[in-house]
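Student: Dropping a structure here in structure tokens format, bear with me for questions.
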Amino acid sequence: MALQKIHCTHCDELTANPIFNVEDSERGTPFCCNGCKAVYNLLNEKGLEEYYEIKDNSDSKKRSSPVKEVDDKFTYLDDPEFQKDFCKNENGQVSASFYLEGVHCLACLWLVEKTPEFIDGVNKARLDLGKSVADFVVSDKVKLSQVASEISRFGYTPHPLKKGEEVEKLKQKEERTNLLKIGIAGACAGNTMLYSVGLYAGADGLFAKSFEYIAFIFTIPVMFYSASPFYKGTIHSLKRKLLSIDVPIAFALWVAFVASVYHLIIGSGKVYFDLINTLVFLMLLSRYFMKKASESGLSSDGLSHFFQSTNVLRKKESGEFETIHAKYIKKGDILKIMPGETFCVDGEIIEGSSYINTSVLTGESHPVKANISHKVYSGSVNQEHPLLIKVEKMGNETRMGEILNNVEKSRNERAPIVTKVDLLTKYFVGIVLVLAIAVLVYFAIAGELTTGFNRALALIIISCPCALGLATPLAMTRSLSKATKLGVIVKNEAILESMSHLNNLVIDKTGTLTHGQFEVIDAKELSQKRASIVHSLEKKSHHPIAQALCRYLEGQYNLVEIAFDDFKEQLGKGVVGQVNGFKYEVCTIKDEDRNSNQKVFTQIGLYENDELIGHFILRDTLREDAKASLTALQKMGLRTIMASGDNQDVVAYVAQELSLSHDNALSNMTPEKKAELINSLDSTIMIGDGANDALAISRADLGIAVKGSVTVSLRAAEAYLTISGLKPVVNLVELSKETIKLVHRNLFFSLLYNLIGAYAAVFGYVTPLWAAIFMPASSVTVLISTLIATRKMRKMGGEN
């Protein structure tokens with residue numbers, strides 16, 4: 001039975017099994033889950049319906065993820081020891097910062113900053129939408145746990161951030177310093193140009209001399225403060241015995257400055273103060289915009305945060321349980337892990353039995369059964385029943401911690417890409433410097449030192465590699481902006497260059513090619529009454545199959561609540577209950593009733609007194625664009641390999657659906673095996689979403705995390721997809737190829753101009769003054785070339 005998918009009213013997620021408010025008889029407001037429905041009703045209850053109007057009208061609107069029904073206890077936030085590390089308490093107020101999971105658009109910004117109006121005790125709320133970090137100031141008479149709990153009701157799961165992050169403070173200080181240098185250079189350049197206009201117009205005598213001295217005064221702060229990044233870059237390059245773009249820039253600045261001061265003192269010759277100030281301003285501005293574009297990606301620092309964003313129940317000596325932050329867990333502690341909670345340590349089950357979702361580590365989409373004495377690992381999720389575990393390893397010592405350490409090691413060991421532009425610039429800079437010195441020496445020997453100085457200065461000015469330096473950054477900046485619009489956040493512009501040369505594409509299955517959750521694809525022999533029986537039984541279970549059945553039934557039937565006697569949830573079997581003398585059981589279908597043609601699917605049956613009366617078929621469905629995207633990527637020359645932790649039957653079925661060969665569909669792949677696969681291949685892209693993919697992502701030449709990825713994958717990857725599916729990857733590959741074409745075109749224009757200019761300068765066809773006038777022309781040419789971009793890039797962005 002084919003089901004038409006519609007958008008959820010709250011989060012815009014597509015769903016084939018929508019649920020509705022009971023009073024909504026016309027079904028005008030569909031929801032993908034009970035969490036979204038609850039938030040929708042809560043917003044209306046508090047008079048905050050404007051949220052949806054702002055979201056719909058927002059230019060920056062992005063589809064969010066379905067709301068998680070969070071029943072976390074936040075009492076650990078009230079612990080004095082925790083607040084000492086994470087909060088600031090002064091003047092009767094507590095300040096705390098949270099990473100808000102679920103923030104996605106301007107409507108979220110509006111709602112979070114409205115919290116002081118409807119959450120008692122919140123005095124101030126500010127949200128950095130780009131970082132999803134919210135700062136709250138609350139009264140010390142109000143429990144922080146109550147505030148966090150109220151925020152979570154709106155679908156934003158709060159994760160506390162440690163106070164006083166020195167790195168962030170240093171970054172802010174650095175940015176302020178850079179902006180001050182740019183501002184001073186811009187102001188001085190503008191004022192210098194005003195006086196230079198008079199000089200170019202023919203002013204002489206006292207006026208000319210006064211204008212030159214005023215221009216000199218404006219140039220001093222530029223030379224000794226604003227231009228300092230070029231000097232630092234030059235010193236750093238020379239220490240490493242390299243020639244960077246900073247070398248000729250710094251050389252040209254000081255040659256022009258010394259020459260100008262000399263001419264100013266002797267009272268004859270040209271001064272170039274306007275050129276100096278303008279050049280410094282433009283170069284600093286270009287670098288700043290490039291840096292900001294790169295910073296739109298995700299930080300790769302602080303992987304240990306993965307362990308520090310949860311709370312847990314710890315058993316006290318009295319036998320009672322207390323809620324603490326995961327940071328304060330110790331070896332030997334007894335923890336109680338509730339259904340739906342994530343294990344934050346490695347340990348051993350000492351009481352209880354349940355199903356555990358280990359996909360974050362193994363990639364296996366089906367939960368595994370765990371009993372007393374079974375080992376559990378950080379990152380896995382408890383699915384059904386409460387478990388008591390004894391802590392054996394925490395933090396970096398856990399299996400997850402080892403993966404994180406290897407991720408960091410891989411990132412630190414990765415050598416920087418030496419681009420064609422770097423190599424070209426090194427030779428270009430060396431040639432210009434050698435040629436300028438040769439010209440100066442030649443004319444000095446001939447007794448024409450002034451002529452030699454002017455020609456050498458003209459050569460350095462007109463061949464200044466600013467256009468060469470802008471050729472790549474301008475193209476990359478435009479492409480980074482384009483990538484963001486196409487649903488990809490790129491951490492580093494070098495990715496766009498490296499991606500165009502990669503040949504292998506390794507893709508995780510669960511959550512990447514598939515949706516990563518069970519979905520009912522067929523239901524047989526199911527009446528209204530039987531649907532109500534299944535729903536009344538399964539809604540009490542936390543198992544993902546039970547949740548999938550409930551979502552399906554709530555969207556397809558008008559359900560009636562049925563009260564069962566002697567309800568039981570049997571681990572590994574299902575749920576069972578009795579009513580009116582009949583025993584009903586929802587469980588994995590028995591072998592004699594199983595459809596052998598659908599062995600790769602999960603088959604669930606409804607039994608009445610041991611007789612099958614209903615049949616469900618579930619599976620982790622393929623993403624709608626998976627096959628088309630893989631086909632497009634293969635046409636671009638990429639060999640595509642699916643590497644999954646799932647069993648062979650499931651992987652073989654998905655491979656058949658995607659038209660992948662048997663050799664390119666690998667099953668039972670552990671994190672270590674995925675990393676080994678990446679190491680065995682050359683020039684590889686790795687796409688995944690779980691912690692089990694993080695090590696492989698970090699080892700690949702290019703790692704990409706898909707939308708919805710866990711924290712560790714996001715931090716290990718160089719690019720992150722903000723739109724579900726693989727279509728953004730297709731766009732990114734095509735964009736990278738077009739970016740390289742644009743870079744080559746810009747370099748061609750820049751080099752052609754510089755070659756012609758160098759020839760003219762060496763043979764005396766241009767003076768230093770005309771060189772200063774012509775010098776910006778190459779940058780303008782590169783700028784125009786970048787704005788025009790390539791034909792395909794314009795089409796990708798929807799431009800004419």
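Student: Where residues in the stretch 322-347 are in a strand (DSSP E or B), open to solvent by 20 Å² or more (accessible area, probe 1.4 Å) and of a type in the set (D, E, K, R), which of them is modelled with the lowest pLDDT? Outline the logic, then answer.
Tutor: Just the residues of the stretch 322-347 that are in a strand (DSSP E or B), to begin with: 322-325, 334-337, 342, 346-347.
Applying the additional criterion that residues be open to solvent by 20 Å² or more (accessible area, probe 1.4 Å) yields 322-323, 334, 336, 342.
Pick out the ones that are also of a type in the set (D, E, K, R) and you get 322, 336.
On the way: Glu322: 81, Lys336: 89.
Filtering the stretch 322-347 for residues that are in a strand (DSSP E or B), open to solvent by 20 Å² or more (accessible area, probe 1.4 Å) and of a type in the set (D, E, K, R), the one modelled with the lowest pLDDT comes out as Glu322.
Student: Then there is this: Within the stretch 510-548, track down each residue that is over 21 Å from Val576 (Cβ atoms) and open to solvent by less than 20 Å² (accessible area, probe 1.4 Å).
Tutor: Thr510, Gly511, Thr512, Leu513, Thr514
Student: Suppose we keep only residues that are assigned to a helix (DSSP H, G or I) and of a type in the set (Ser, Thr, Tyr) within the stretch 534-555. Which one would you say is nearest to Thr358 (Cα to Cα)? Talk me through it step by step, then tell me what you get.
Tutor: Restricting attention to the stretch 534-555, the residues satisfying the condition of being assigned to a helix (DSSP H, G or I) are 534-538, 544-555.
Going one step further and asking which of them are of a type in the set (Ser, Thr, Tyr), we end up with 536, 552.
Values: Ser536: 28, Tyr552: 24 Å.
This residue is Tyr552.
Student: When only residues in the stretch 615-626 that are open to solvent by 10 Å² or more (accessible area, probe 1.4 Å) and out of contact with any strand residue (DSSP E or B) (no Cβ under 7 Å at 6 or more places or on another chain) count, which is nearest to Glu519 (Cα to Cα)?
Tutor: The selected residue is Glu624.
Student: Kindly provide the set of residues from the stretch 547-570 that are in contact with a strand residue (DSSP E or B) (Cβ under 7 Å, 6 or more places away or on another chain), hydrophobic (A, V, I, L, M, F, W, C) and under 23 Å from Lys369 (Cα atoms), ordered by number.
Tutor: Ala548, Leu549, Phe567
Student: Just checking, does the stretch 599-621 include any residue being closer than 26 Å to Leu695 by Cα and either at pLDDT below 85 or of a type in the set (S, T, N, Q) (or both)? Step through it out loud before you land on a result.
Tutor: Here is the first cut: in the stretch 599-621, the ones closer than 26 Å to Leu695 by Cα are 620-621.
Then keep just the ones that are either at pLDDT below 85 or of a type in the set (S, T, N, Q) (or both); that gives 620-621.
Yes, the conditions are met somewhere in the stretch 599-621.
Student: How about the stretch 89-180: which strands (runs of 3 or more DSSP E) wholly inside it have at least 2 residues that are at pLDDT 80 or above, surrounded by 15 or more Cβ atoms within 10 Å (Cβ to Cβ) and among the β-branched types (Val, Ile, Thr)? I'd like the intermediate steps shown before the answer.
Tutor: Working: elements: 93-101, 122-128, 133-139, 157-161.
Per the criteria, 133-139.
Student: If Phe289 satisfies every condition in (1) open to solvent by 40 Å² or more (accessible area, probe 1.4 Å); (2) under 19 Å from Ile184 (Cα atoms); (3) of a type outside the set (Lys, Arg); (4) at pLDDT 70 or above but one, which is the exception?
Tutor: So the condition that Phe289 fails would be (4).
Student: Which pairs have Cβ atoms under 7 Å, sit 6 or more apart or on different chains, and link a residue in the stretch 560-576 that is among the charged types (D, E, K, R) to one that is at pLDDT 85 or above and open to solvent by 40 Å² or more (accessible area, probe 1.4 Å)?
Tutor: From residues that are among the charged types (D, E, K, R), the pairs are Asp565/Gln578; Asp566/Gln578.
Student: Separate question: May I ask you to verify whether Ile19 is under 29 Å from the mean Cα position of the chain (by Cα), at pLDDT below 75 and aliphatic (A, V, I, L, M)? Don't jump to the end; show me each part of the working.
Tutor: Values: under 29 Å from the mean Cα position of the chain (by Cα): no; at pLDDT below 75: yes; aliphatic (A, V, I, L, M): yes.
Taking the combined requirement at face value, the residue does not satisfy it.
Student: Which numbered condition trips up Val261, out of (1) among the β-branched types (Val, Ile, Thr); (2) modelled with pLDDT of 85 or more; (3) within 16 Å of Gly430 (Cα to Cα)?
Tutor: Of everything listed in (1) among the β-branched types (Val, Ile, Thr); (2) modelled with pLDDT of 85 or more; (3) within 16 Å of Gly430 (Cα to Cα), Val261 misses just condition (3).
Student: Another question, then. Would you check which residues across the stretch 497-509 are modelled with pLDDT under 75 and either crowded, with 19+ Cβ neighbours inside 10 Å or assigned to a helix (DSSP H, G or I) (or both) and list them?
Tutor: Just the residues of the stretch 497-509 that are modelled with pLDDT under 75, to begin with: 497-498, 500.
Glu497, Ser498, listed by residue number.
Student: Among the residues of the stretch 643-654, are any farther than 22 Å from Asp693 by Cβ and surrounded by fewer than 16 Cβ atoms within 10 Å (Cβ to Cβ)?
Tutor: Taking the stretch 643-654 first, the residues farther than 22 Å from Asp693 by Cβ are none.
So far as the stretch 643-654 goes, no, none of its residues is farther than 22 Å from Asp693 by Cβ and surrounded by fewer than 16 Cβ atoms within 10 Å (Cβ to Cβ).
Student: For the subset of the stretch 549-561 comprising residues that are open to solvent by less than 70 Å² (accessible area, probe 1.4 Å), modelled with pLDDT under 85 and not charged (D, E, K, R), which member is nearest to the chain's Cα centre (by Cα)?
Tutor: Across the stretch 549-561, the extreme among qualifying residues is Gly555.
Student: Restricting attention to the stretch 627-651, which residues are of a type outside the set (Val, Ile, Thr), in a helix (DSSP H, G or I) and at pLDDT below 85?
Tutor: In the first step, residues of the stretch 627-651 are kept if they are of a type outside the set (Val, Ile, Thr); the result is 627-630, 632-639, 642-649.
Right, trim to in a helix (DSSP H, G or I) and you get 627-630, 632-635, 648-649.
Of everything in the stretch 627-651, those that are of a type outside the set (Val, Ile, Thr), in a helix (DSSP H, G or I) and at pLDDT below 85 turn out to be Gln648, Asp649.
Student: Looking at Leu612 and the list (1) closer than 25 Å to Glu657 by Cβ; (2) open to solvent by 40 Å² or more (accessible area, probe 1.4 Å); (3) touching a residue at least 12 places away in the same chain (Cβ under 8 Å), which single condition is not satisfied?
Tutor: (1)
Student: Considering the stretch 369-397 alone, what residues qualify as being in contact (Cβ under 8 Å) with a residue 60 or more places away in the chain and either within 10 Å of Gly347 (Cβ to Cβ) or in a strand (DSSP E or B) (or both)?
Tutor: Correct list: Lys369, Ser378, Leu388, Val391, Glu392, Lys393, Met394.
The values are calculated or read from the model by the stated rules, or taken from the named source; none is laboratory data. Just so we're clear, the structure is a prediction, and the values are computed from it rather than from any experiment. Reconstructed Cβ throughout: ideal geometry from the backbone, glycine too, with neighbour counts over all protein chains shown. Remember, those area values only see protein heavy atoms, side chains included, never the ligands or the DNA or RNA. Shrake-Rupley method; radii C 1.70, N 1.55, O 1.52, S 1.80 Å.
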